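Notes follow once the structure below has been shown.
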Amino acid sequence: MKISLYALFFTALLLLNACEPVEEDTDPNLNTNELKDAEDKTVKLINDYRVSIGKKPFEYNEAIYNACLEHSQSMATNKTAFGHDGFKERVDKISKRMSLSSAAENVAKNQGFSDPAQTAYSGWLKSPGHKTNIEGDYTHAAIAVAKAADGTFFFTQIFVKE
């Protein structure tokens, strides 16, 4: 059986293309296991703390989570400055999905720590304003975490009282 030079070249080209490494999706906004673990750990730390001081743990709400996630991702991609800009708009979005009488927000960022969730939680408890929100008379809360390309973690937690 004769194989033409053209057929051999074409086959080699196909094989080379098939062996090229596939680029990983490096979008910092994907909620990877690492980010989900940080979210879950922060929720547990805060709810355990609330129980330890005689408060009820927060109830989760998807509308709150979505608002938190959007803000964390915006900060991680520099679409929004780190801080509380747009908080009123986030609360307005949440209020379209659930009734609320009050709301508050904590944000945090950290980089280079082995446990970003513990770092955010500890920082919030050391800050009187953030601690007041955690200990507040809120019924629902959610936390979302995003990671910037440089490895900085951004946390947003919104508290709501129905």
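Residues that are touching an Asp or Glu at 6+ places or on another chain (Cβ under 8 Å) and surrounded by 14 or more Cβ atoms within 10 Å (Cβ to Cβ) within the range 99-119 comprise Leu100, Ala117, listed in sequence order.
Cβ separations smaller than 6 Å between residues 6+ apart or across chains give the following pairs from the range 150-162 residues that are under 21 Å from Asp92 (Cβ atoms) to residues that are of a type in the set (S, T, N, Q) and in a strand (DSSP E or B): Gln157/Asn106; Lys161/Ser102.
Taking the range 53-76 as the range and being surrounded by fewer than 20 Cβ atoms within 10 Å (Cβ to Cβ) and among the polar types (S, T, N, Q) as the test, the residues that pass are Asn66, Ser74. For the range 122-158, taking the residues that are of a type in the set (Asp, Glu) and not in a helix (DSSP H, G or I), the one that is nearest to Thr77 (Cα to Cα) is identified as Asp150. The residue that is surrounded by the fewest Cβ atoms within 10 Å (Cβ to Cβ), counting only those in the range 130-162 that are of a type in the set (Asp, Glu) and touching a Lys or Arg at 6+ places or on another chain (Cβ under 9 Å), is Asp137.
Of the residues making up the range 52-60, one or more are at pLDDT 50 or above, touching an Asp or Glu at 6+ places or on another chain (Cβ under 7 Å) and among the basic types (Lys, Arg).
So is Thr119 touching a strand residue (DSSP E or B) at 6+ places or on another chain (Cβ under 6 Å), farther than 17 Å from Ile158 by Cβ and assigned to a helix (DSSP H, G or I) or not? When the stated conditions are applied, Thr119 passes them.
The values are calculated or read from the model by the stated rules, or taken from the named source; none is laboratory data. On a predicted model such as this, the values are computed, not experimentally measured, just so you know. All Cβ positions, glycine included, derive from the backbone under ideal geometry; neighbour counts span all protein chains shown.
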